[in-house]
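Heads up: the structure comes next, in C-alpha cells.
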Ligand code: GLC
Ligand code: CA
C-alpha cells in the first residue's frame, strides 16, 4: 500500500464546547484551544479533528449548521480561527474540519427559503414529500426520536430529518446542492485546512421509493433506504474529482451502518473516494432490544472478532480508522476497561491495544488522561438531545423503568464524553471561571492534566510514549496484522510483521491474573504498563508489546 502522512499520524479529536473556555462564559472556545496547543504538541499528536465550529443554533451542539462559512459566535470569530490554523501549523499540527453536509440547521438560509413555497428556487435543496392519508409520507423513525418527517404548514408538506427536526436532510440528488457544498469545501481548503471528517456521509443518498421500513420499537427503520444509497459512491467520486483530489489533504468518513464490503468501496485505495472510514461494529456490540440503550458489558471474544474482521479484511485494500471513543460514545476506560481500582492500568492497556493495531489511531479529548463517564444521576444534568429524547420515548411510551433508563444513560449517553476537559484542581477543573454549560466530572481533583504532566508514570505520559513509538517504529504503521489467541475470552493478542521483524502485543482485558503460553525468549519489551512484565502470565489489565527479530 502507498505511504501517506495520515497513515503515520495520530489524530486528536477536540469537542470545542468542552475543551477550554477562555472568557468565562462556561463554553469552550477557539482561544481556549489555541492556549492548549502546546499541551497537544507535547503529547505528540499530528492532526486535530475539530468538531463543528460553524454558526449554529446548537440544537445538536454544532452538528446543525446555519452558516458554513462563519464561526459560531460562542466560539469566537474567523480571525480566531485563522490564528488557530496558523498556530497549529507553526507547531506542525494539521487541522481537519468536521464536514456536516447530510443536513443543515432549519435556520440555514437555504432551508428558510426552501420552506417558503413550492416554487422557491431552494425548494429542492431539501427532501419534501406529500403526506399519506393525513399522516407522514412513510413510517421512518428519526435517530433522535419521533418520526423522521416534520409537517410544515406553509405548503402542507413534510420534510425529511434523519436527526432532529432542526436538522433537515439536504437533497443530494440536486446538482445545485452538491455544487454549493463543493464550493464551500474549496473555500475552507483554500484557507489551508488539512482535510475533513465527514459526518454521516453514508446517509446522503436516499432510496427514491421511500418505502416503509421494518418496525423497530415505535417506528420503521430508515437505515436500509438511506445508508449507502443508490448514488453515494457516485457523489463521493464526483466530490473527490472536483475538490478533494486537488489538495494534499486527508478524509475520513463517518459511515454509519457500514459493512466491510461497503467500506472497501468508500475507502479502497484505488477508488478515489475517501482515505478511511469509521466503522461502528465494536461500539455497537452492547446493543439490545432498545438499540444502543443498554447496560450490558461487552464480550471480549466478540470484540476481537470485529477487529480481526476489519484489520484483516482491509489489508492491502484500504486503511483503518482506529478509535475507542468520540463525542458520541461513552468514555473508553468506562466502557472497555475499568474505571475503578484499575483505571490507570486499563486506560494504558486500551491505549496499547488500539495504537499498535494497523490503521490511524484517534484519541478523543481526555482519553489521554483516562477520563471516565460523567456519573450523572439526575436527568436534569443531561444536555444531549438524543439522550433526553430517548429517556422520554423509552420511559413514557415504551414502559422502561426510570431507574433502568438512568442506568442506560449512565453507561452510554453521549454526555459521558462531553463533560469538560479536566485541566487542573482549580474550580471547574480549570475549564472555565464561569458556570460550565455541562457539569464537570466530580473526579477532577484526582484525574487532571496538571497532575499527569508532572508524573512520569501517568496515562498522559504513557500515551506520549505510544505516539512516539508510532513515529519511530515503521512496523507499527506498515506491518501486516494477525490476530492471536482468538479463543481467549481474557486476552486480546495480535502480531504485526514487517520483513524480518515482528511485534507481539498482549492485552489482558480482565481484572484477573491470567496465564498463557509464553513468547520467544529473544524478545525485547517495547512498551508495558506494569514494571518487570514478561513470561507466561498477565496481571490485571496488563499490556505488553514485544519486539522480536525473527531471523537472528
Ligand atoms: C454524527 C455526529 C453526531 C451528530 C449526528 C448528526 O453522528 O457525530 O454527533 O449528532 O451525526 O449530525
Ligand atoms: Ca467561552
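How long are the semi-axes of the equivalent ellipsoid of the stretch 216-266, defined as square roots of 5 times the Cα gyration tensor eigenvalues? Whole Å, largest first.
27, 11, 10
How far apart, in nanometres, would the label points at residue 522 and residue 499 be if each is projected 7 angstrom from Cα along the Cα-to-Cβ direction?
Taking the two extended label points, one gets 1.6 nm.
Give me the one-decimal nm value for the distance between modelled label points at residue 341 and residue 392, 7 Å along each residue's Cα-to-Cβ direction.
Placing both labels 7 Å along Cα→Cβ, they lie 4.3 nm apart.
Just the number: Rg to Rh for the stretch 425-466, Cα atoms, Kirkwood Rh, two decimals.
The Rg/Rh ratio comes out at 1.06.
Can you figure out the FRET efficiency of residue 130 with residue 234, using R₀ = 25 Å and their beta-carbon distance, to the nearest 0.05?
For R0 = 25 Å, the calculated efficiency reads 0.35.
Got a sec? How would 245, 488, 346, 56 order by Cβ neighbour count within 10 Å, fewest to most?
245, 488, 56, 346
So, in Å, what gap is there between the alpha-carbon centers of the stretch 199-215 and the stretch 451-506?
The stretch 199-215 and the stretch 451-506 have Cα centres spaced 39 Å from each other.
Compute the angle between helix 78-90 and the longest alpha-carbon principal axis of the chain, please, reported from 0 to 90 degrees and rounded to the nearest 10.
Here the helix axis deviates by roughly 20 degrees.
Pull up the DSSP beta bridges for the chain and report the antiparallel fraction as a percent, rounded to 5.
60
Taking R0 as 30 Å, what's the FRET efficiency between residue 215 and residue 112 from their Cβ-Cβ distance, rounded to 0.05?
Taking R0 as 30 Å, the efficiency between residue 215 and residue 112 is 0.30.
For n ≥ 4 DSSP H runs only, could you compute -39500 (n - 2.57) per run for the chain, divide by its residues and tell me the 222 nm figure to the nearest 500?
-7500 deg cm²/dmol
Could you tell me which of rounded, prolate or oblate describes the stretch 99-228, using a ≥ b ≥ c as the square roots of the eigenvalues of the alpha-carbon gyration tensor, with rounded for a/c under 1.5 and, failing that, prolate when a/b is larger than b/c and oblate otherwise?
The shape class here is oblate.
How far, in nm, would the chain grow between residue 284 and residue 41 when pulled straight, counting 0.36 nm per residue and subtracting the alpha carbon separation?
Taking residue 284 through residue 41 to full extension adds about 84.3 nm, to one decimal.
How much length is gained on full extension from residue 513 to residue 153, taking 0.36 nm per residue of separation minus their Cα-Cα distance?
123.2 nm
Find how much the distance from residue 468 to residue 174 grows on full extension, using 0.36 nm per residue of separation minus their present alpha carbon separation; answer in nm with one decimal.
101.2 nm
Angle between the Cα long axis of helix 300-314 and the longest principal axis of the chain, 0 to 90 degrees, nearest 10?
80
Cβ neighbours within 10 Å, averaged per peptide: list 134-147, 66-79 in order, most packed at the top.
The packing order, highest mean first, is 134-147, 66-79.
Can you give the Rg to Rh ratio for the stretch 109-160, taking only C-alpha atoms and Rh from Kirkwood?
Answer for the stretch 109-160: 0.98.
Extending each Cα 7 Å along its Cβ direction at residue 302 and residue 79, get the distance between those two points in nm, one decimal.
The modelled label-to-label distance comes out at 5.3 nm.
Which whole-number percent of Cα pairs in the stretch 1-125 have a distance greater than 26 Å?
31
Compute the acute angle (0 to 90°) between the alpha-carbon long axis of helix 175-191 and the principal axis of greatest extent of the alpha-carbon atoms of the chain; round to the nearest 10°.
50
What is the mean projected area of the alpha carbon convex hull for the chain, to one decimal in square nanometres?
With the hull built on Cα positions only, its mean projection is 24.6 nm².
Once you order the gyration tensor axes a ≥ b ≥ c over the Cα atoms, which shape class does the stretch 391-511 get: rounded for a/c under 1.5, otherwise prolate or oblate by comparing a/b with b/c?
Note, shape of the stretch 391-511 comes out oblate.
Sort out for me the Cα centre separation of the stretch 308-350 from the stretch 66-119, rounded to whole Å.
29
Checking a compactness column here: for the stretch 479-548, what do you get for Rg(Cα) / (2.2 N^0.38 Å), N being the number of residues?
1.04
For the residues 544, 469, what sequence is obtained by ranking on other C-beta atoms within 10 Å, fewest first?
Going from sparsest to densest Cβ surroundings: 469, 544.
Values in this text are rule-based calculations from the coordinates and carry no lab data. Every value quoted in this text rests on a predicted model; they were computed, and no experiment measured them. For neighbour counting, all protein chains shown are included, and Cβ atoms are generated from backbone atoms with ideal geometry for every residue, glycine included.
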